[in-house]
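Novice: Just passing along the structure, written as structure tokens.
The values are calculated or read from the model by the stated rules, or taken from the named source; none is laboratory data. Predicted model, so just to flag it, every value in this text is computed and none were measured. Virtual Cβ from ideal backbone geometry, glycine too; neighbours counted across all protein chains shown. All accessible areas refer to the heavy atoms of the entire protein, side chains included, with ligands and DNA or RNA removed. Shrake-Rupley method; radii C 1.70, N 1.55, O 1.52, S 1.80 Å.
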Amino acid sequence: MKKLLCTLLSLTTLAACSSTEDYDNSNQAGEINVSEVIFETEETAGEVQYGSIHSDWVMWESAEGLVRDKDTDFVITAKVTDISFRVADSRTGYPPEEGAKERYDEYYGQVVEPWRVFDLFTVYDIETIATYKGEGVSPTQILMVGGMKDVFVEEQLAVIKEYGIDCILVHEGENNTLKIGETYLFVLKQFDEFSSSPRNPDQCIYNLDNPFARTAPVGYPDITAKDIISTFGKDKWDTFWADWQRSNPDWESRLDVAAVERALAE
């Protein structure tokens, strides 16, 4: 097992770190700066090498604090329609310009490993269904740092090898691998006209197969899709719930009905 230590720059920090202020002091988010991650890499069968990205994210104490945070640009429900991959310059978050690697080498005064210069991102094309917060055109793509394990392997290798990277880095966690055809609730920070990124994958992505599910890891406050949608008014939740039941006529056979009734009564 080989371990590498690197500093996470620019776009990753933008996506992960909240402002130091929440919408009021009673729901102040405890900020955790994302300053470094550990890549644990292991050679697997064949020539594919994967690395696990472990990072800390800012955490919100409540759904209201999350959606009212000044850096939360969009809250939407959307369907994932396609998946692709791209490499971005670690400093700018944009496609690498010619000579980027050489400029990093000059800046650090030494030859820099490619994974310090370029980040692999998974790009999810989305189709917005409903917008609860956000002005202007809703994002059409969601970018998440890291790749995917054991799927789309050739596509990822083709992208990273162009930049001299030989390891697919993967963010562990349930919400870091979305599926084509699935519908999610997203809480997003927008960073260009059409693209955005979740503020924190553990609290900002909810699979709407079960809008009452509390899926955040141990130690995170329990926030559900229902909690987030309800912050925009009971009418918004009532509309969503009615539409969701029509789209999921078999829900009583899939979900714990008693648990749903308790959640609706809260």
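Novice: How much of Thr215 can a 1.4 Å solvent probe reach, expressed as accessible area in Å² and rounded to 10?
Specialist: Roll a 1.4 Å probe over it and Thr215 shows about 50 Å².
Novice: Report, in whole Å, the centroid distance computed from the Cα atoms of the stretch 212-266 and the stretch 128-177.
Specialist: Cα centres, the stretch 212-266 to the stretch 128-177: 26 Å.
Novice: Would you please state which residues of the stretch 212-251 a label at Glu61 would reach in this model, taking the label point 7 Å out along Cα→Cβ and a backbone N cut-off of under 12 Å?
Specialist: Once the point is set 7 Å along Cα→Cβ of Glu61, 221 turn out to lie under 12 Å by backbone N, inside the stretch 212-251.
Novice: Rounded, prolate or oblate for the stretch 171-232? Axes are the square roots of the Cα gyration tensor eigenvalues, ordered a ≥ b ≥ c, and the cut-off for rounded is a/c under 1.5.
Specialist: On the way: a/c = 1.40, a/b = 1.28, b/c = 1.09.
Taking the square roots of the gyration eigenvalues as a ≥ b ≥ c, the stretch 171-232 is rounded.
Novice: Taking amide H positions as placed in the peptide plane 1.01 Å from N, state which residues far from Val170 in sequence (5 or more) or on other chains have amide H under 5 Å from it.
Specialist: Gly51, Ser52, Ile53, Gly147
Novice: Report the full-extension gain for the segment Thr81 to Arg214: residue separation times 0.36 nm, less the Cα-Cα distance, to one decimal in nm. Display every interim value, and only then the final one.
Specialist: Details: separation 133, 0.36 × 133 = 47.88 nm, distance 2.47 nm.
Value of the extension gain: 45.4 nm.
Novice: Based on the Cβ-Cβ distance from Val48 to Lys179, what FRET efficiency comes out when R0 is 25 Å, to the nearest 0.05? Please list the in-between numbers first.
Specialist: Values: r = 21 Å, r/R0 = 0.84.
After rounding, the FRET efficiency stands at 0.75.
Novice: Here's something else I'd like to know. Quick check on my link table: of Lys179/Lys234; Lys79/Lys101; Lys70/Lys101; Lys101/Lys161; Lys179/Lys226; Lys70/Lys236, which ones sit more than 24 Å apart, alpha carbon to alpha carbon? Intermediate results must be reported in sequence, preceding the final value.
Specialist: On the way: Lys179/Lys234 29 Å; Lys79/Lys101 36 Å; Lys70/Lys101 34 Å; Lys101/Lys161 14 Å; Lys179/Lys226 21 Å; Lys70/Lys236 21 Å.
From the list (Lys179/Lys234; Lys79/Lys101; Lys70/Lys101; Lys101/Lys161; Lys179/Lys226; Lys70/Lys236), the Cα-Cα distance tops 24 Å for Lys179/Lys234; Lys79/Lys101; Lys70/Lys101.
Novice: What figure, in Å² to the nearest 10, do you get for the accessible area of Tyr220 with a 1.4 Å probe and non-protein molecules left out?
Specialist: 40
Novice: Work out how much length Arg103 to Val137 would gain on full extension: take 0.36 nm times their residue separation and subtract the Cα-Cα distance, in nm to one decimal. List each step's numbers first, then the result.
Specialist: Details: separation 34, 0.36 × 34 = 12.24 nm, distance 3.49 nm.
Full extension of this stretch gives 8.8 nm more.
Novice: Let me ask something additional. Given a 1.4 angstrom probe, what's the average accessible area per residue across the stretch 143-186, in square angstrom? Don't skip to the answer; put the middle values down first.
Specialist: On the way: 2120 Å² over 44 residues.
Accessible area per residue: 48 Å².
Novice: Can you list the residues, at least 5 places off or on another chain, whose amide H is less than 5 Å from the amide H of Asp71, using H built in the peptide plane?
Specialist: Ser19
Novice: In terms of modelled amide H atoms, which long-range or inter-chain residues lie less than 5 Å from the amide H of Phe118?
Specialist: Long-range HN contacts for Phe118: Ser90.
Novice: Right, something else. 7 Å from Cα along Cα→Cβ at both Asp222 and Glu252: what's the point-to-point distance in nm?
Specialist: 2.5
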